[in-house]
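Worksheet for the structure shown next.
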Amino acid sequence: MKLFHSESEKDHVELEQAVSEQFECLEETVEALRHRVSQRRTLLKNAEKKLQEFQDSIYAMLIEESAPKKSASPKEDADDSEAFDSEENNDLLDLLGDHEEEEA
């Protein structure tokens, strides 16, 4: 019986070592996954920031193109305001409204 008892203890120790090795391997895998997730979150945040800057620059260009140009003489101002289409202004406001909804 003594032989069986020591054999059982040996198996138990080997099993504990195997489980311990697997546990360490899993811990390393979890740490590697956390690192990857952290990197990808950073990339995503940077991409979202660049996208927002790009959208803002597009909206600024649209506003600049649609807005009437300021001129020195009042007569030219009157001509410019007639040339400025109110429908374009409404379209621009719709675009800006959509942009504000996306941010919320």
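The values are calculated or read from the model by the stated rules, or taken from the named source; none is laboratory data. In this text, all values refer to a predicted model and were calculated from it rather than measured experimentally. Please note: Cβ atoms are built from the backbone with ideal geometry, for glycine as well, and neighbour counts cover all protein chains shown.
Here's the yes/no breakdown for (1) surrounded by 10 or more Cβ atoms within 10 Å (Cβ to Cβ); (2) modelled with pLDDT of 85 or more:
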position: GLU16; (1), (2): yes, yes
position: VAL37; (1), (2): yes, yes
position: MET61; (1), (2): yes, yes
position: GLU64; (1), (2): no, yes
position: LYS69; (1), (2): yes, no
position: PRO74; (1), (2): no, no
position: GLU87; (1), (2): no, no
position: LEU96; (1), (2): yes, no
position: ALA104; (1), (2): no, no
Answer yes or no: is there a residue in the stretch 44-52 that is surrounded by fewer than 10 Cβ atoms within 10 Å (Cβ to Cβ), assigned to a helix (DSSP H, G or I) and hydrophobic (A, V, I, L, M, F, W, C).
no
